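Chemist: I am attaching a structure below and will ask some questions about it afterwards.
The values are calculated or read from the model by the stated rules, or taken from the named source; none is laboratory data. Keep in mind that this is a model prediction, so the values were computed, not measured. No Cβ is skipped: glycine too gets one built from the backbone with ideal geometry, and neighbour counts run over all protein chains shown.
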Amino acid sequence: MVQPFRHFISFEGIDYCGKTTQIQRLVERLKEHGVEVEVVREPGGTIISEKIREILLDRSHEEMHDRTEILLYAAARSQLVHQKILPLLQKGVSVIADRYYDSTTAYQGYGRGLNIDFVKQLNQFATSGLSPFKTIFLDISPEEAERRRLRKGQTQDRLESGGVAFYRRIREGFFQIAREEPERFVIVPAEQDIDAIADQIWDLVRQWWQL
């Protein structure tokens with residue numbers, strides 16, 4: 001079991017919640033304050049993990065079994081943690097994760113209906129027990145997520161093709177995590193102005209990291 005690092009935070013949310021934009025805003029502010037920070041994404045972040053990402057998101061892989069899916073996510077995460085996240089943290093570099101194990105709990109556990117206890121055990125095994133110090137959940141409705149996707153004109157990847165009902169289960173899964181871990185898991189409403197969201201996140205991180 002790895003002890004939590006204060007300078008490791010993750011961002012979560014259903015697709016099109018604005019995670020990437022808000023992470024970019026946060027990183028800019030952190031660097032202005034002299035913080036050495038690295039961003040990692042899931043699945044991905046290493047050569048091996050990026051290859052797994054391609055398999056997971058490929059729409060032609062519609063026959064993929066739910067158990068295969070979760071094991072691939074765990075494999076990608078394990079490689080990312082042990083090759084990149086842990087070494088960075090041990091060197092004193094701050095790490096921001098664009099998704100982490102809460103996504104597996106929400107998507108594969110609550111979304112796909114896999115056993116939650118098993119999902120949590122697999123998450124612990126894959127990460128050697130490394131948890132984020134804090135997690136920011138950017139909350140939008142599945143209906144808003146679909147509107148944003150259509151505005152961007154983007155086609156759906158394999159996961160996004162699950163439909164609104166799938167995303168409702170995922171969102172409720174994130175809410176359940178927040179109920180179970182209120183000290184770690186912070187909900188930020190994300191259907192408001194982008195700048196307002198960025199300011200709220202900055203206030204949180206400044207407090208957590210004493211900037």
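Chemist: If you go through segment 122-142 one residue at a time, do you hit one that is modelled with pLDDT under 95, farther than 23 Å from I96 by Cα and not hydrophobic (A, V, I, L, M, F, W, C)?
Modeler: There is at least one residue in segment 122-142 that is modelled with pLDDT under 95, farther than 23 Å from I96 by Cα and not hydrophobic (A, V, I, L, M, F, W, C).
Chemist: Which count do you get for residues in segment 47-59 that are in contact (Cβ under 8 Å) with a residue 40 or more places away in the chain and not charged (D, E, K, R)?
Modeler: So the answer is 2.
Chemist: Which pairs turn up if I take residues in segment 1-29 that are among the acidic types (D, E) and look for partners that are buried (at least 18 other Cβ atoms within 10 Å of the Cβ) with beta carbon separation below 7 Å, at least 6 apart in sequence or on another chain?
Modeler: E12/R99; E12/D102; E12/S103; E12/T135; E12/F137; E12/F174; D15/A145; D15/E160
Chemist: Which one of these is modelled with pLDDT of 95 or more and closer than 26 Å to R179 by Cα: Q79, Q108, Q83?
Modeler: None of the others qualify; the one that does is Q108.
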